[in-house]
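Structure, as structure tokens:
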Amino acid sequence: MSVKIAIVTGASSGLGREFARQLFWKDCLDEIWVIARREERLRRLCESGSQTGTNHTRIRAVPLDLTKPASFATIRVMLEREQPDVRCLVNAAGFGKIGSWRDISMEDCASMIDLNCKAAVMMTQLVLPYMRKGANVLEICSTTSFQPFPYLGVYAASKAFLYRYSRALREELSGTGIGVTAVCPYWIRDTEFIRKAKESRNSSYIRHFPFASRENRVVRRALMDARRGLAVSTPGPVCTIHRVAARWMPSGVMMGIWALIRRI
């Protein structure tokens with residue numbers, strides 16, 4: 001019988017780490033593969049799991065940089081060798097930068113696209129052949145995927161790509177029993193995202209982050225929405241309102257509202 005596993009990218013911090021922690025308590029899993037660049041943090045996550053004697057699930061560190069093509073060759077070999085039954089894939093690897101086009105380096109722009117878009121698609125393509133009825137793919141998008149966001153432009157565009165990819169893939173998998181959920185949270189206060197996003201030459205375009213969520217609530221709601229078979233998870237009131245508003249209002253109007261909000 002195949003080993004039942006979950007795979008979580010971006011698992012060294014933030015939402016990825018929290019997804020790994022909450023999936024750890026799912027009785028149906030034998031192993032969780034946690035993927036990220038920072039090996040030491042992955043090791044600590046594994047150790048925290050091994051210290052819990054009431055759970056048989058094993059957390060397995062897979063230290064890889066998903067902006068590098070060789071990483072996907074490594075994952076392909078692991079999957080072909082072990083032939084696991086992948087019950088859940090969470091593509092949580094990603095980052096953003098705040099600033100105008102002048103403030104964000106070409107390297108950061110390329111890395112955002114590589115990690116937020118390319119890596120998620122590559123991981124999904126690699127893992128899908130090892131998924132079957134009842135499995136779930138969670139693509140971690142963002143509420144920024146619902147409209148253009150000046151001064152968060154490349155990040156928002158990359159998440160819009162992932163959102164559209166998720167919605168299309170869900171339709172392609174219709175009838176297979178494999179679910180795809182685009183998870184679109186608002187700002188999250190207790191991850192590294194905001195601090196990292198402000199590390200640009202001028203991040204003053206966005207001053208405050210009111211009504212920010214908490215990572216444990218976002219993850220709990222996202223997993224619940226995936227189990228319910230929802231196409232889109234907006235885990236919080238702000239992103240839910242944003243999704244509805246963006247559906248009916250023109251992009252120009254939404255960007256005008258954003259111009260007012262970001263100055264608060």
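The values are calculated or read from the model by the stated rules, or taken from the named source; none is laboratory data. Everything numeric in this text was worked out from a predicted model, so none of it was measured. Reconstructed Cβ throughout: ideal geometry from the backbone, glycine too, with neighbour counts over all protein chains shown. Heads up: the accessible areas ignore ligands, DNA and RNA and are worked out on the full protein's heavy atoms, side chains in. Shrake-Rupley method; radii C 1.70, N 1.55, O 1.52, S 1.80 Å.
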Next on the checklist: Considering only residues that are within 21 Å of residue 68 (Cβ to Cβ), of a type outside the set (Asp, Glu) and open to solvent by less than 20 Å² (accessible area, probe 1.4 Å), which ones fall in region 127-154?
Outcome noted: 127, 140
Item to check | Test result for residue 166, assigned to a helix (DSSP H, G or I), in contact with a strand residue (DSSP E or B) (Cβ under 6 Å, 6 or more places away or on another chain) and not hydrophobic (A, V, I, L, M, F, W, C) | outcome: yes
Checklist outcome for this item: Of the conditions (1) of a type outside the set (Asp, Glu); (2) modelled with pLDDT under 85; (3) at negative phi, the single one that residue 211 does not satisfy is (3)
Next on the checklist: Please count how many residues of region 74-98 are under 22 Å from residue 24 (Cβ atoms), assigned to a helix (DSSP H, G or I) and of a type in the set (Val, Ile, Thr).
Outcome noted: 1
Checklist entry - From the set of residues in region 199-217 that are of a type in the set (A, V, I, L, M, F, W, C) and within 29 Å of residue 25 (Cα to Cα), which is nearest to the chain's Cα centre (by Cα)? => result 212
Next on the checklist: So, residue 241, is that one modelled with pLDDT of 90 or more, over 23 Å from residue 153 (Cα atoms) and either surrounded by fewer than 16 Cβ atoms within 10 Å (Cβ to Cβ) or not charged (D, E, K, R) (or both) or not?
Outcome noted: no
Next on the checklist: Being among the polar types (S, T, N, Q) and either open to solvent by 70 Å² or more (accessible area, probe 1.4 Å) or within 21 Å of residue 94 (Cα to Cα) (or both) is the filter here; which residues of region 158-177 pass it?
Outcome noted: 158, 166, 174
Next on the checklist: I need a count of the residues in region 218-234 that are under 18 Å from the mean Cα position of the chain (by Cα), more than 16 Å from residue 23 (Cβ to Cβ) and not aliphatic (A, V, I, L, M).
Outcome noted: 2
Item to check | Selection count where residues are closer than 12 Å to residue 89 by Cβ and of a type in the set (Ser, Thr, Tyr), scope region 105-132 | outcome: 2
Item to check | Residue identified as at negative phi, open to solvent by 30 Å² or more (accessible area, probe 1.4 Å) and hydrophobic (A, V, I, L, M, F, W, C) among 120, 70, 92 | outcome: 70
Item to check | Number of positions in region 206-238 that are of a type in the set (S, T, N, Q) and open to solvent by 80 Å² or more (accessible area, probe 1.4 Å) | outcome: 0
Checklist entry - If the Cβ limit is 9 Å and pairs must be 6+ apart or interchain, which residue in region 31-58 that is under 14 Å from residue 92 (Cβ atoms) pairs with which residue that is open to solvent by less than 60 Å² (accessible area, probe 1.4 Å) and at pLDDT below 90? => result 32/49; 32/57
Next on the checklist: Exactly one condition in (1) exposed (fewer than 14 other Cβ atoms within 10 Å of the Cβ); (2) under 17 Å from the mean Cα position of the chain (by Cα); (3) of a type outside the set (S, T, N, Q) is false for residue 196; which is it?
Outcome noted: (1)
